[in-house]
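Before any comments, here is the structure.
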Amino acid sequence: MDDEGDASGEWAQWFCGKQSAENDAGWNHQNTCTVDLINASIHLGFLILAALILLVCTCSTRLRRCRSKTLITLPYHDVRYILAVVFSFVFLCSLGEGILTDLTRNTATEPHLYVPQALACVNGIICLVYYHHLECWDLPRLALLLLIFWISAVIGESLKLYSAIEQQLSSDHLRWYTISASILLYGCYAIIEICFILSQPCCAGRKPPDIPRDLRKKSMLYHHRYVNLFSRYLYWWISWLLRQGYKHPIEKSHLGCLPDEHRTRYQYELFKRAYEVEETRAAIHNTTPSMWRAYFGAYGRPMIISGILKLLGDLFILVGPVAIGGIVTYAANYESGEDGAHQVETPYVTISEFFSNGFVLVAVMFLSTVYYSIYYQTHFYICTIESMHVRTAIQAFVYEKSLRLSSWTMTGGDMTVGQITNHMSTDAINVLGMFQFIHFLWTSIIQIIVILVLLYFVLGVAALLGALTLILISPIQLKIGTIMTRIHENVLIYTDDRLKKSNELLHGIKLLKLYGWEELFCSAIEVVRKNEIVQVMKEGMYMAMTWCLTDVAPLLVTLVSYAAYYPWLSDTPLTPDIAFASLALFQSLIIPFFMVPIALGYFVNGLVSTNRLEIFFAAAEIEEKDDGRQQELVNDDDNDSDEEWYINQGRNGGAYKKKYFRENIKQSAVEETSMKKEESTDKTKLLRQEKPTLYGTMNKTIFPGHDTAVHSIPLDDHLAIQVKGGYFAWDPEDDSAILSDIDLDIHKGKLTMIVGTVGTGKSSILSAMLGEMTTISGTVQFNGNHGNISYCSQKAWLQNATLRDNILFGEQYNNDKYQSVLSACALHPDIDILPAGDLTEIGEKGINLSGGQKQRVSVARAIYSNTDIVILDDPLSALDVHVGRQLFMEGIIDLLIDNKRTVILVTHQLQYLQYADKIVVMDNGKIHRQGEIDKIAKEDPELYKQWRETVQLLSESESETEDDTTVQEREELKKQISVIEDEKLEEDGKLIEEEERERGSISLAIYMVYSKAVKIPYALLAIALNAISIVIMAITNFWLSEWSEAGYDVANKTETDIKDDNVYYLGVYTLFTFISAATLLLVCITSTVFTILAAKRIHHSLLRNIIHAPMRFFDTTPIGRILNRFSSDTQIIDQRLWQTIYYVVQSYLWVLVAIVVNTIVTPFYILFIIPITIVYFLLQTFFIRTSRELQRIDSITKSPVFAHFSETLTGLSTVRAYRIQKQLRRRIIAKIDDNNIAFLFMKTINIWLGIRLDFIGSLMVLLVGLIALVTVALGSIQSSWVGLTLTYALAAATNMNWMVRQTADMEMQMNAVERVNHYTHLDTEDYEGNYYPRHDWPDKGEVKLENVCVRYATTLDPVLNNITLHFRAGEKIGICGRTGSGKSSLTLALFRMIDTFQGRIMIDGLDISHVPLLTLRNRLAIIPQDPVLFTGSIRFNLDPEKTRTDDELWAALEIAQLKTLVSELDNQLDSLVTEGGENFSVGQRQLFCLARAFLRKARVLVMDEATASIDMQTDAILQSVVSTAFADRTVITIAHRISSILDADTVLVLSDGNVVEYDTPKMLLDKEDSMFSSLVKGNYDQD
């Protein structure tokens, strides 16, 4: 027993400190020790009990109830973890205070001063572990132990407080505050625990809560909301992705799906509500809705929270520079032996004593940087997420607006597809960038102000002079920002123009190649690109000035402040603690000064884009009227069960926001109703559709409960459509009608044909019925019971989907019906060619199919649809007569009319008029005649006579067979399939190749590509200048160290010596400062100029290589994918990559210099920096493998979004006619979600990296501080060098973080160079030649083919075999043949569009293979089947090379029957042709192409179905004119109508690539067994 008592006594003596107990009995020592013992026992008891409970529960499977792999948090979860952060700071201070008290007050240790605090710190961690398992296992009863502990701890800390009061502790003592804070924290925890226990149901009857919607989806892997708060904000939960990405490349399938709150539909509904509220406000005040108010309404709350976090983080980061002064002072005192000179007057450490200790200040620096990291990264996460949300909402909004956009908006030239696509891409991305950086604008200003205030406390009035320098510099930066705003607007204008021209070039590439105009159009793009680069260079130079000011400003402020400080404005000499505390603060100015121009740039971009979006959302829309049709027609399989959930969801559980939305929407509805009542009193306003001041996309009938339409009067049941008193115009602002006095009844179940010459309004009257035109007066009414429409436009529109899906178009699959439709549309032979049959993906805009094939698929879609009314806009013109007859008889008559479906057919095929129940004859925008054919014959015998003559001509000569055009199309399809299958066989039927995606790191070759674009000597020069500037700055700081060290000797010098020394040190410091400023200016200018010129060279290479690529590339690559290289990839290279490279180079050099400086000062530093650097690079490697692949997935998933959007824009009339907006909306939402999931993970792992880099940087600062203080204690360095090393440690930590992040960003952005480089190395056509013919070659037009063999690819069989022909000069040759005969191949060989691998083709005695390709194509002429016009004037479209006079242009227009049309336009030859020639009919576009060919005056002309879209009357006139105009030229005609080659001099009949017959038509017709004779007589057996 005595031994036990002795042991206990010894333990008590150790715990309480025997010597101190004897010496300090007056301080009631035993009572204090007892209290500390009680507290230690409480903590130790909880520690043991908690460990036992966790052990038992871990081993007991009965007690563990894991519901999910993720965590469903219990009430008060976040509050507990937030208190834990405060708890950690308080108890670390308490622990430090105890240890410091023990070290400074006692000769023997007293563990009771710090052991309870140490146990409390350990228990803080154990409590979190305990609570985490409580949640994971769903065992809320375990909270009873926590409650007992919190209450016990409150009691223990209260006893400690009582003991402190007995000892008369004052507010000067730190212990007073730590005890009080501990009681408060433990009390808060106890209250939380009581509330938590009371909130839980009885344990016996308790059921686990429902699993959230997100966690029910196994594919939902983004678990940010469903983990504990520490894992959430330290991002441990996402480590699985980085581990997986490190082992093997990440694929899109690995990412799963989005959580509900990040889905496009959720964000769309959220933003829609905010916009509707803003619309209501704007309507009341008669203003345009503000996007800014909508932003705030939807995303204001989280953005405010993120701003507060950013401000707190910025304040925490300033603790380090302030602490440096105290650390240097501590080191100086230690060096001089003054650190322990004070007399101990209190039993415990005071606040001032605690925070003047160097080691404590180093720890404070460490903690402040850790807290800064958490606050900053949390802010950045919120901003990133909300920026993604706003981008998502804008993209969905733009798409929705586009679905409602007025037809005139695009066809009238107000907007183009490229410009609208820019709203979807560039503008949405600019707003995203603005959201991410907007807080830097105001928090940086506050940070600068706080730093200047702190500098005032360090330097006094001298700091105000430094502030004055900043004030003088700030207006310069603001002025630069204003100028950059204007310049960036110009950049966007030129970018829009360049993309528009690039889009047109890609869409018309075949025509451009055939005409040899690719260089011409390429030059036009390069002119715009040159102007764009000039503006980008201006913007870059101003950015360089901003960079320079950012870097130079702290140097100038430092110089001015130090120059004025001593002895002029202060009596205190410049010592190391003042110098380096102020230097650290001055360097802290760099980041806010650096970020302000960047943030300003993002804000300017966002401001400009927001203004553009406001204009777009206020653009004119199609009329909203109740015309009897149902709103949403198409049945799709998508589940609508979630729709109501998305619509009803609030934000962040904010009931006030839901209420706010509901009240304002109700108010909107009331005001809208009153507006409609006011409008209804004015019939003219109704007819003109003058809308109230409501803008945007949401107040329309597309959404339930938002009906703004005027209700209609039902039609008689025998009518399908009725147009009464109709006056219609395209331009909503134009009162002149395109269609006048339209009164038309369309009878249900009947066939109505609309005929007329080109440009008389046939297609326009269909558009008026479909609501695409503006109603000036009159009405269009559909039968409400039979008003569903299917529509086949004149220009076929297909989706990037399988052929079957294009026909079904959302309808249910019925095999019998489907096969009947395929047969009627003659699609079975085409489907047999495709590798996966009708499941073959036919590509963007049906790019794999010819015009006729596209049209037949489009007609098949209209026939298959379950609609009452079928509207067909001249589909037969693109088809052979035989196939057209089959489609008309089997499709229109058998499948439609016989099934009592109403058909409206616009056509030039007059032979079918006899089948019409009603004929409508259009002339000059009016109905000239209407009725049955007999009625028209009586009313207008002359017209009927013209019809009969035309039909008679057809009956005699138009026995065209399938193998004229249709078979030719199939042959072309076969060749295309063969080429693709040879290169890449897709088992799933995809003809469009998958977008290329590299895997692994960006290769060194890509960096070399970019270096060569910059020019390697220039790159080395920029790096060298950067290194020189940073080295000079380091030397300047060493000089400052010497200057400040001299401040300690002031007392031993005279005033004259002091002034001389000051002038000496200041002069050298000034010299170094100005040298640094000059080199920084050179660095900024050279870096900007060299890299922007590199961007220009890269784009030039891309453009040149694309236009020289063979047609096969364009046939197998979606245009959206190519445009992505010219838009987003080029934008990255133009505006982001060069800035990132600048930051990377600068951060690497800064880190290198910081390491050298710290190693010089403290050689032991190298022992720690080597492993830290290794950890940095290992972390970078671990991170970048995943980040790189996510960046690639993000890039690849962007393309389908823009491709689908562009695809929708080109088919708006079809989309709206079928009423499939809902279906397409879901598709774009799915594609945006696919892109967002990659973006979300990519940004989250960036923050994961940032947290870890910041922590390692904080650890590095801690180690450097400790090493420096230990080295001072050893007497190895002077105190001024402690300040220097800490300053560079902070800089190194910041720059190493910046270095890793920017290196990762650079690699991500180099992905754009990689993607562009892929397209700069495509195989190209051989444009070179070894013989340049004279300027008038060919002057005769003689064509000879000698043993010619032609193939489409080197791996394919020849399509022409040993062809030997002689076309005499001026001869008219007609070419016909059966399947695979090689007609098209022969003409393409003339233009060298395909490979002639044997034999030669001679034109006027010259081998064309020796002629430069552009020269050859420029000397020939072709009229293609598909009419292509470009944006510009009529003059430009006829003569882009500007080589013809006005008289020649008018003559060509007269020949093409267009002179009257053009002369009636306001600007005549200078009248605008909108994108794609949409302001002219298809027939008129074909005539313009004819005029273009006439102007070329080539001796050899190829006509490829040149009159397919022209009415027969105009065709007859043109045939007569052509025979005259081209009397002396060689004309090679691929027969579309046999009548067009009956008058030819010779006819060539091909079969299987061989010549079968070649003679005059008369000689071939005289031979009854000739193939040509069989074709003409119509009895040739079809293949």
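Hey, does the stretch 1393-1410 have a residue that's open to solvent by less than 10 Å² (accessible area, probe 1.4 Å), under 30 Å from Lys500 (Cβ atoms) and within 44 Å of the chain's Cα centre (by Cα)?
No, the stretch 1393-1410 has no match at all.
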Output the number of residues of the stretch 1002-1018 satisfying the condition of being open to solvent by less than 30 Å² (accessible area, probe 1.4 Å) and either among the hydrophobic types (A, V, I, L, M, F, W, C) or farther than 30 Å from Arg1188 by Cα (or both). 4
Hey, which of the helices (runs of 4 or more DSSP H) in the stretch 346-422, taking only ones fully inside, have at least 2 residues that are of a type in the set (Ser, Thr, Tyr)? 358-403, 407-411
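Table: residues versus (1) open to solvent by less than 20 Å² (accessible area, probe 1.4 Å); (2) part of a helix (DSSP H, G or I); (3) more than 30 Å from Phe1239 (Cβ to Cβ).
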| site | (1), (2), (3) |
| --- | --- |
| Arg1315 | yes, yes, no |
| Asp1326 | no, no, yes |
| Asp1336 | no, no, yes |
| Ser1384 | yes, yes, yes |
Of the residues in the stretch 1449-1460, those that are part of a helix (DSSP H, G or I) and under 47 Å from the mean Cα position of the chain (by Cα) come to Leu1449, Trp1450, Ala1452, Leu1453, Lys1459, Thr1460
Determine which member of the set Thr1173, Thr1181, Thr1162 is open to solvent by less than 10 Å² (accessible area, probe 1.4 Å), at pLDDT below 85, more than 18 Å from the chain's Cα centre (by Cα) and more than 30 Å from Met773 (Cα to Cα). Thr1162
When you go through (1) at pLDDT 85 or above; (2) in contact with a Lys or Arg (Cβ under 8 Å, 6 or more places away or on another chain) one by one for Pro1412, which number turns out not to apply? (2)
Does Lys247 fit the bill of being within 29 Å of the chain's Cα centre (by Cα) and open to solvent by 30 Å² or more (accessible area, probe 1.4 Å)? yes
Which residues, taken from the stretch 736-791, are of a type outside the set (A, V, I, L, M, F, W, C), open to solvent by less than 10 Å² (accessible area, probe 1.4 Å) and not in a loop (DSSP other than H, G, I, E, B)? Thr752, Thr775, Ser790
Identify the residue in the stretch 242-259 that is part of a helix (DSSP H, G or I) and touching a helix residue (DSSP H, G or I) at 6+ places or on another chain (Cβ under 6 Å) and, among all such residues, is nearest to Arg1192 (Cα to Cα). Lys252
Residues Phe1182, Phe1177, Phe1241, Phe1205: which one is part of a helix (DSSP H, G or I) and either out of contact with any Phe, Trp or Tyr (no Cβ under 9 Å at 6 or more places or on another chain) or without any contact (Cβ under 8 Å) to a residue 12 or more places away in the chain (or both)? Phe1177
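Just to be sure, is Gly433 assigned to a helix (DSSP H, G or I) and farther than 30 Å from Ser1128 by Cβ?
no
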I need every pair where a residue in the stretch 300-311 that is in contact (Cβ under 8 Å) with a residue 12 or more places away in the chain and part of a helix (DSSP H, G or I) has its Cβ under 7 Å from the Cβ of a residue that is loosely packed, with under 15 Cβ neighbours inside 10 Å and of a type in the set (A, V, I, L, M, F, W, C), sequence separation at least 6 or different chains. Leu311/Ile446
Looking at Lys510, Lys500, Lys479, which one is basic (Lys, Arg) and free of Cβ contacts under 8 Å to residues at least 60 places away in the same chain? Lys479
Looking at Ala1369 and the list (1) open to solvent by 30 Å² or more (accessible area, probe 1.4 Å); (2) at positive phi, which single condition is not satisfied? (2)
Mind counting the residues in the stretch 406-424 that are open to solvent by 10 Å² or more (accessible area, probe 1.4 Å) and within 15 Å of Thr610 (Cβ to Cβ)? 1
Would you confirm whether any residue within the stretch 1102-1112 is over 30 Å from Ile842 (Cβ atoms) and surrounded by 19 or more Cβ atoms within 10 Å (Cβ to Cβ)? no
Please specify each residue of the stretch 882-903 satisfying the condition of being under 47 Å from the mean Cα position of the chain (by Cα) and either open to solvent by less than 10 Å² (accessible area, probe 1.4 Å) or of a type in the set (Lys, Arg) (or both). Val883, Gly884, Leu887, Phe888, Gly891, Ile892, Leu896, Arg901, Thr902, Val903
For the condition under 27 Å from Leu1102 (Cα atoms), out of contact with any Cys (no Cβ under 7 Å at 6 or more places or on another chain) and not polar (S, T, N, Q), what is the one hit in Val1157, Val1161, Val1151, Val1144? Val1144
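The values are calculated or read from the model by the stated rules, or taken from the named source; none is laboratory data. Treat the numbers as computed from the prediction; the structure is a model and nothing was measured. No Cβ is skipped: glycine too gets one built from the backbone with ideal geometry, and neighbour counts run over all protein chains shown. Areas reflect the complete protein model, heavy atoms only, side chains present, ligands, DNA and RNA absent. Shrake-Rupley method; radii C 1.70, N 1.55, O 1.52, S 1.80 Å.
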